[in-house]
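Asker: This structure is in structure tokens; I'll ask about it shortly.
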Amino acid sequence: MKYNLTSMVLVVLTLIAPQCGVQSQDHSIALQQILDEACASKENTIIGVSLTVKSPELNIDFTGSGGFDNMEKTKLIDAQQPFRIASLTKVFVATAILRLQEKGAISIEEPISKYISPEHISILSEGGYNPDMITIRHCLNHTSGLYDYAVGGTEYIEEASKDPAKRWTRTEQLQFAMDHGKPHARPGREENYSDTGYILLGEILERQTDSGLAESLRELLKFDELEMTSTYLESLEERPDGLLPNVKRYMGEMDASDWDNSVDLYGGGGLVSNTHDLTTFLQALFNGNIFEKDDTLDVMLLKKSYEGKRKKLPNQRLGFTSIIGKESGTEVYLHSGFWGTIFLHIPAYNCSIALNYTYDGDSEALQRTIDFVLEQGKKKR
């Protein structure tokens, strides 16, 4: 599922006009101050927030939190609490798909019909699609033309809310897309965000590794080696021992924390993590500790080659969205999640940021955090 674009807009504004009101030289004090002030401000509508910022180049390694982990405000949020990350999972799935390509198991230029089940090929065909024309790359960069079963319209959320305990299957979600929407365009013609494409990528991971989706992500992405001890694919693998209770999740005013997570599980979402682990992953990805080949990250970010007639690269890469500040020229790779999570990486400062809100609300915490990082970068230069 896809989170709204409020946080992305804040990123754009920050990169266009970087300013920072925090003067403290102590990074931890300054960043904690941002969280405390965001939670104390009467102009904000946030309930709670957790944040991690890692930048070896700027000597920043901060994890902190402010506010509460629930709307009732009965428990303060702990910075180590995990939460459902929703669509941030897509970056993990895209990375794992590229790991399969490194191993020679697949090619992202090949059609999905080569890798998905005959049943799903039939469902797509009956829904007006040609699976032989949709490539893995099309699914990765949201140019497949596939209607998004999750947020293409309001039907899926309405249906899911009728029975929050329902255990959805990938096949049911694929069929839901066929029943409630039509193809956007021929593959490769348009960018249309699609969870449907990513649940098919999740199927490819399962079928090409002969293991479950949880096992394939854990092995291909080196969760254990990276000591990402708070990260797991909920309900498809055991919850790690010793974790704190999850941060609550809300659908409007409705507590959706106990909704069966199959509503968003099979590749478009599903992972549980915390801000510390999310930045650990980004640091590993952008510093050569996940991919085995030197040029795979360039493939992911479309820096190695880009097949298209456009004069500039699209904002949508393979898993990530890319934003470049109009004045600063600073490039950021990011993804947001339905429940109120965003993570991003700023290559210029080797800086990874992950932020999670208990409840979707208005706050300048993300903007001020990025302002602070950019200001520290300017001082170092």
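Asker: Considering each of Asn289, Asn274, Asn315 in turn, give the residue that is among the polar types (S, T, N, Q), within 18 Å of the chain's Cα centre (by Cα) and open to solvent by 10 Å² or more (accessible area, probe 1.4 Å). Steps first, answer last, please.
Answerer: Values: Asn289 fails: within 18 Å of the chain's Cα centre (by Cα); Asn274 fails: open to solvent by 10 Å² or more (accessible area, probe 1.4 Å).
Among Asn289, Asn274, Asn315, only Asn315 is among the polar types (S, T, N, Q), within 18 Å of the chain's Cα centre (by Cα) and open to solvent by 10 Å² or more (accessible area, probe 1.4 Å).
Residue-wise test of (1) touching a His at 6+ places or on another chain (Cβ under 9 Å); (2) more than 30 Å from Gly197 (Cβ to Cβ); (3) at pLDDT 95 or above.
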{"site": "Leu10", "(1), (2), (3)": "no, no, no"}
{"site": "Lys42", "(1), (2), (3)": "no, yes, no"}
{"site": "Asn59", "(1), (2), (3)": "yes, yes, yes"}
{"site": "Lys90", "(1), (2), (3)": "yes, no, yes"}
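Asker: Could you tell me which residue of the range 219-261 is most open to solvent (accessible area, probe 1.4 Å), considering only residues that are outside any loop (DSSP other than H, G, I, E, B) and in contact with a helix residue (DSSP H, G or I) (Cβ under 9 Å, 6 or more places away or on another chain)?
Answerer: In this case the residue turns out to be Glu219.
Asker: Mind listing whichever residues of the range 58-74 are within 17 Å of Ala30 (Cβ to Cβ) and touching a residue at least 60 places away in the same chain (Cβ under 8 Å)?
Answerer: Result: Leu58, Ile60, Thr63.
Asker: If Glu37 satisfies all but one of (1) charged (D, E, K, R); (2) at pLDDT below 85; (3) in a helix (DSSP H, G or I), what's the number of the condition it fails?
Answerer: All conditions pass for Glu37, except number (2).
Asker: How many residues are among the hydrophobic types (A, V, I, L, M, F, W, C), assigned to a loop (DSSP other than H, G, I, E, B) and more than 21 Å from Val272 (Cα to Cα) if we restrict to the range 60-118?
Answerer: First, the residues of the range 60-118 that are among the hydrophobic types (A, V, I, L, M, F, W, C): 60, 62, 68, 71, 76-77, 79, 83, 85-86, 88, 91-94, 96-98, 100, 105-106, 108, 112, 116.
From what's left, assigned to a loop (DSSP other than H, G, I, E, B): 71, 77, 79, 85, 105-106, 108, 116.
Imposing the further condition that a residue be more than 21 Å from Val272 (Cα to Cα) reduces the set to 105-106, 108, 116.
Qualifying residue count, the range 60-118: 4.
Asker: Also: Among (1) assigned to a strand (DSSP E or B); (2) out of contact with any Lys or Arg (no Cβ under 6 Å at 6 or more places or on another chain); (3) closer than 27 Å to Gly66 by Cα, which single condition is Gly377 missing?
Answerer: Every listed condition holds for Gly377 apart from (1).
Asker: Which of the residues that make up the range 119-147 are hydroxyl-bearing (Ser, Thr, Tyr) and without any contact (Cβ under 8 Å) to a residue 24 or more places away in the chain?
Answerer: Of everything in the range 119-147, those that are hydroxyl-bearing (Ser, Thr, Tyr) and without any contact (Cβ under 8 Å) to a residue 24 or more places away in the chain turn out to be Ser122, Ser125.
Asker: Against the condition assigned to a helix (DSSP H, G or I) and either within 16 Å of Ala94 (Cα to Cα) or without any contact (Cβ under 8 Å) to a residue 40 or more places away in the chain (or both), how does Glu172 come out, does it pass?
Answerer: Yes.
Asker: Report yes if Ala150 is part of a loop (DSSP other than H, G, I, E, B) and in contact (Cβ under 8 Å) with a residue 60 or more places away in the chain, otherwise no. Break it down into steps so the answer makes sense when it comes.
Answerer: Values: part of a loop (DSSP other than H, G, I, E, B): yes; in contact (Cβ under 8 Å) with a residue 60 or more places away in the chain: yes.
Judged against the criteria, Ala150 is a match.
Asker: Return the only residue of Glu292, Glu327, Glu331, Glu307 being modelled with pLDDT of 95 or more, more than 24 Å from Asn274 (Cβ to Cβ) and of a type in the set (Asp, Glu).
Answerer: Residue meeting the stated conditions: Glu292.
Asker: Out of the range 105-129, which residues are open to solvent by 60 Å² or more (accessible area, probe 1.4 Å) and under 22 Å from Phe291 (Cβ atoms)?
Answerer: Passing the criteria: only Glu109.
Asker: Which one of these is touching a Cys at 6+ places or on another chain (Cβ under 8 Å), modelled with pLDDT of 95 or more, within 23 Å of Glu234 (Cα to Cα) and assigned to a strand (DSSP E or B): Val53, Val49?
Answerer: Criteria check complete, one pass: Val49.
Asker: Among the residues of the range 141-190, which ones are closer than 16 Å to Trp259 by Cβ, aliphatic (A, V, I, L, M) and open to solvent by less than 70 Å² (accessible area, probe 1.4 Å)?
Answerer: Matches in the range 141-190: Ala150, Val151, Ile157, Ala160.
Asker: Being of a type in the set (Ser, Thr, Tyr), in contact with a strand residue (DSSP E or B) (Cβ under 6 Å, 6 or more places away or on another chain) and modelled with pLDDT of 95 or more is true for just one of Thr280, Thr275. Which residue is that? So that I can check it myself, show each step before the final result.
Answerer: Working: Thr280 fails: in contact with a strand residue (DSSP E or B) (Cβ under 6 Å, 6 or more places away or on another chain).
Criteria check complete, one pass: Thr275.
The values are calculated or read from the model by the stated rules, or taken from the named source; none is laboratory data. Bear in mind the structure is a predicted one, so any value in this text is a computation, not a measurement. FYI the Cβ positions are ideal-geometry reconstructions off the backbone, even for glycines, and counts take in every protein chain you see. Accessible surface is based on the protein model in full, side chains and every heavy atom, while ligands, DNA and RNA are left aside. Shrake-Rupley method; radii C 1.70, N 1.55, O 1.52, S 1.80 Å.
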